[in-house]
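**Q** Okay, here's the structure, questions in a sec.
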Amino acid sequence: MEFMLDTVNIEKIRYYQSVLPLAGVTSNPSIIKQEGKIDFYSHLKEIQTIIGDASLHVQVVGESVEEIIADAEAVVEQLGKETYIKIPVNDNGLSAIKQLKAQGFKITATAIYTEFQGYLAIAAGADYLAPYYNRMENLNIDSSDIIEALAAEITRTQATSKILAASFKNVAQVNQAIRKGAQAITAGPDIFAQALGMPSIEKAVTDFHDDWRKTFETETIAKLS
């Protein structure tokens, strides 16, 4: 299972890199907008330095096939060939994915709302598929069913594509995506904070610590004489 962080906030990435088994960092223009008018490439290179061998996923902005390919080439020229290029799955996106895969680019097919989009992305050779879990639910689309179907198609065709489920509003959605076959998820820092910040977890840790101190009169095992 791969866990990725959906943010370009340097402070958050630095923190969760030290906490999580972090497989990658994903971004899109809306996420980048939250950080203001950053020095785009310098900012992303700093992220690469922080995350090391973990993957970086950067979304194109161009809409025509030619613009998408030009964006992808520019990103890889600046950030390296290991960078995953995020491309929305529409007519022009699929055409660009086919051409870029033929040239050896790493591709994350994004903005997936339908089962059929996913099938097309798998057939086009995308490395990752990013179905939008919560956005689909908001449209009364069964997100779990779609992820399960895409996982079955990957198995049936022995494709190398992985499902990188995205767009979550709570931990329950993440759990469901994983149960249904997503090989990876990307979530904002708020989702990971939800998962690790349950009051019951903190209470258990405090109770254990208190019981230790009462028994041995030291703060930690390392301080036993």
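What follows is calculated from the coordinates using simple rules that are stated; it is not laboratory data. All values derive from a computational prediction rather than experimental measurement. Here the Cβ is made from the backbone with ideal geometry for all residues, glycine too, and neighbour counts use every protein chain on show.
**Q** Just checking, which of 68, 31 is within 28 Å of residue 151 (Cα to Cα), of a type in the set (Val, Ile, Thr) and either surrounded by fewer than 17 Cβ atoms within 10 Å (Cβ to Cβ) or out of contact with any strand residue (DSSP E or B) (no Cβ under 8 Å at 6 or more places or on another chain) (or both)?
**A** 31
**Q** Next question. Scan the stretch 161-201 for residues that are buried (at least 17 other Cβ atoms within 10 Å of the Cβ), of a type outside the set (Phe, Trp, Tyr) and closer than 15 Å to residue 19 by Cβ and jot them down.
**A** Within the stretch 161-201, 187, 188, 191, 194 qualify.
**Q** Of all the residues that make up the stretch 110-122, how many are free of Cβ contacts under 8 Å to residues at least 24 places away in the same chain and either among the small types (Gly, Ala, Ser) or in contact with an Asp or Glu (Cβ under 9 Å, 6 or more places away or on another chain) (or both)?
**A** Of the residues in that region, 1 qualify.
**Q** Return a yes/no flag: does the stretch 39-60 have any residue that is closer than 17 Å to residue 195 by Cβ, in contact (Cβ under 8 Å) with a residue 24 or more places away in the chain, in a strand (DSSP E or B) and within 16 Å of the chain's Cα centre (by Cα).
**A** no
**Q** Can you name the residue in the stretch 16-26 that is surrounded by 13 or more Cβ atoms within 10 Å (Cβ to Cβ) and without any contact (Cβ under 8 Å) to a residue 40 or more places away in the chain and, of all such residues, is farthest from residue 179 (Cα to Cα)? Working first, answer last.
**A** So the first thing to find is which residues in the stretch 16-26 are surrounded by 13 or more Cβ atoms within 10 Å (Cβ to Cβ), and the list is 16-17, 20, 22-26.
Keeping just the survivors that are without any contact (Cβ under 8 Å) to a residue 40 or more places away in the chain gives 17, 22, 25.
Details: 17: 24, 22: 20, 25: 22 Å.
Selected residue: 17.
**Q** I would also like to ask the following. Listed residues 39, 6; which is surrounded by 21 or more Cβ atoms within 10 Å (Cβ to Cβ) and among the charged types (D, E, K, R)? Full working, then the answer.
**A** Working: 39 fails: surrounded by 21 or more Cβ atoms within 10 Å (Cβ to Cβ).
None of the other options fit; the residue is 6.
**Q** Suppose we keep only residues that are part of a loop (DSSP other than H, G, I, E, B) and in contact with an Asp or Glu (Cβ under 8 Å, 6 or more places away or on another chain) within the stretch 170-225. Which one would you say is nearest to residue 31 (Cα to Cα)?
**A** 188
**Q** Quick one: which residue in 63, 35 is in a loop (DSSP other than H, G, I, E, B) and within 30 Å of residue 98 (Cβ to Cβ)?
**A** Result of the check over 63, 35: 63.
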